[in-house]
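Throughout, read-outs are computed from the coordinates displayed, never taken from laboratory work. Predicted, not measured: the structure shown is a model, and the values here were computed from it. Cβ placement follows ideal geometry from the backbone for every residue including glycine, while neighbour counts extend to all protein chains displayed.
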There are 4 protein chains.
Amino acid sequence: MEALQLRLAEFAAARDWQPFHTPKNLATALSVEAAELVEIFQWLTPEQSAAVMEDPETAGRVEDEVADVLAYLLQFCHALGVDAASALAAKIDRNERRFPRADRSGGAAPSNRTEPE
Amino acid sequence: MEALQLRLAEFAAARDWQPFHTPKNLATALSVEAAELVEIFQWLTPEQSAAVMEDPETAGRVEDEVADVLAYLLQFCHALGVDAASALAAKIDRNERRFPRADRSGGAAPSNRTEPE
Amino acid sequence: MEALQLRLAEFAAARDWQPFHTPKNLATALSVEAAELVEIFQWLTPEQSAAVMEDPETAGRVEDEVADVLAYLLQFCHALGVDAASALAAKIDRNERRFPRADRSGGAAPSNRTEPE
Amino acid sequence: MEALQLRLAEFAAARDWQPFHTPKNLATALSVEAAELVEIFQWLTPEQSAAVMEDPETAGRVEDEVADVLAYLLQFCHALGVDAASALAAKIDRNERRFPRADRSGGAAPSNRTEPE
């Protein structure tokens, strides 16, 4: 990840793109690329969405949008000095305390089984 | 990154969340978290956006949203077997050919100096 | 719609919010509110998503996010002098030519039955 | 607005698109179109963003994305029976109580002058 972050920084510097790369613009670009990933799935059923990699053209679009999302996430973190992996590890630690594990004893599913915010 | 991906998979499995984690839903959740990151910046000037980490509370919000974005990106990639780092490396290779480096000889800036789509 | 647009303009002016209301910021705020609407649905099945108005609390959240989306859409259009209703009427005209009607004669579904982009 | 909503419903019915038009999918499509609107502005300065309508091609893109956002907003509201204009009028009423008007007596700007969420 660090090597990719360096390549992205060098790539932007060689093209004089740093003035565009404010944290605000990079966060916005990240959200635009995330929406382009969503666009691939927007009319699919849950089942169809699980099979998108079977079609080579769609698989290529998915990989391309994933690359764009990761690129802007890394550039955003570089611009603000955020360590994304550490931030996520700390968040998982917190969530393991916040969200109890499912009961495996055969009881009913918990009624408040929702996703972390 | 692989260790985080494993922790996230174990975390979701222990809470019976896999049925919710279709690729469509994970891509959507990724875009929602990206928007929550953008929300921090939406009314800031470019200058203010560069200084967000100076305020500890805002810095914590930024790290929290970055963690959420990375969490859903990793889970999305896990669900579909996408290697995000390889996809990004391949994309940088392609973009290095597509976008010429800035002219350092003192000539005018290229008129089409725009960001990669 | 025009009355609402005037109330929103007066509301922002009375609070000195115009400097924040650049077209860029208003478009961004619109996308953030749209993501908050999506958040209500992100883990729901298609069937559950059709029943959200049966729960009064969720119904209230939906109406609240719809109001926010419309508010920023109207303020964005006001800032740039865009007539959203005319733009949409023109777009429907174009799409009626671009996307053929479904064949009602009993034949197979068209293979390219996709949504307008 | 009601006439547009009827045209959109008829348009979708004539193409057998209703099965795709779950509230979840329509909210998602709305957010994707909002992101496409944002994309036009993502690398612009605040000043550049105020001048986008001076370029006819960019103006056409803005109108096109506004049309798409409004189309999905109207279709979403139609699917769930939400009256967007009433929801917004009620929200402005609430916000007029929540957010005090700016002090015009020449005093300092309030330090907490932030946007409604």
- Alpha carbon centroid spacing (whole Å) that separates the stretch A:36-94 from the stretch B:1-19: 16
- Item | Taking chain D and dividing mean pair separation by its residue count, relative contact order in percent (alpha carbons under 8 Å, at least six apart) | 31
- Residue-averaged 222 nm ellipticity for chain C, from DSSP H runs of 4+ at -39500 (n - 2.57), nearest 500: -21500 deg cm²/dmol
- Task: Could you work out the local net charge near residue B:77, counting Lys and Arg as +1, Asp and Glu as -1, over the other residues with Cβ closer than 12 Å to its Cβ?
- Result: -4
- Using only Cα atoms, tell me the angle between helix B:84-98 and the longest principal axis of chain B; keep it within 0 to 90° and round to the nearest 10. 20
- Taking chain C as a Gaussian network, Cα atoms linked when under 10 Å apart, which of C:76, C:11, C:99 shows the biggest mean-square fluctuation? C:99
- Along Cα→Cβ, 7 Å out, is where each label goes; now give me the distance between the ones at residue B:94 and residue A:93 in nm to one decimal. 3.9
- How do D:7, D:15, A:97, B:101 rank when sorted from fewest to most other Cβ atoms within 10 Å of their own Cβ? A:97, B:101, D:7, D:15
- Task: Excluding residue A:63 itself, calculate the net charge of residues whose Cβ lies under 12 Å from the Cβ of residue A:63, where each Lys or Arg counts +1 and each Asp or Glu counts -1.
- Result: -2
- Message: What Kirkwood Rh does chain A have if only Cα atoms enter the pairwise 1/r average? Answer in Å.
- Response: 17.4
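Other chains' Cβ within 10 Å of B:76-86 residues: what's the mean?
Mean shielding by partner chains, rounded to a whole number: 5.
Using the crude model of +1 on Lys and Arg Cβ and -1 on Asp and Glu Cβ, and no other charge, please compute the dipole size for the stretch B:52-107 relative to its Cα centre, in debye to 20.
Values: 7 positive and 11 negative charges, 141 e Å.
The dipole magnitude comes to about 680 debye.
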- Item | Two-site FRET efficiency, residue A:2 against residue D:3, from Cβ-Cβ distance with R₀ of 51 Å, rounded to 0.05 | 0.35
- Item | Reduced Cα scattering model of the stretch D:24-69, Debye log10 I(q)/I(0), q = 0.19, 0.21, 0.25, 0.33 Å⁻¹ | -0.59, -0.69, -0.87, -1.17
- Task: Taking the Cα centre of the protein assembly as shown as origin, work out the dipole magnitude from +1 charges on Lys and Arg Cβ and -1 charges on Asp and Glu Cβ, in debye rounded to 20.
- Result: 0
- Query: Using θ = phi - 60° and the Karplus form 6.51 cos²θ - 1.76 cosθ + 1.60, what ³J(HN,Hα) does each residue of the stretch B:35-51 get, whole Hz, x for Gly and Pro?
  - Reply: 5, 5, 5, 4, 4, 4, 9, 4, 9, 7, 6, x, 5, 4, 5, 6, 10
- For the pair residue D:58 and residue B:18, how long in nm is the line joining their label points, each one 7 Å along Cα→Cβ? 4.9
- Query: Got a sec? Charge dipole of the stretch A:2-98, +1 on Cβ for Lys and Arg, -1 for Asp and Glu; which of A:67, A:9, A:86 is way out at the positive end?
  - Reply: A:86
- Estimated translational D of the protein assembly as shown in µm²/s (Stokes, Kirkwood radius over Cα pairs; 25 °C; 0.890 mPa s): 105
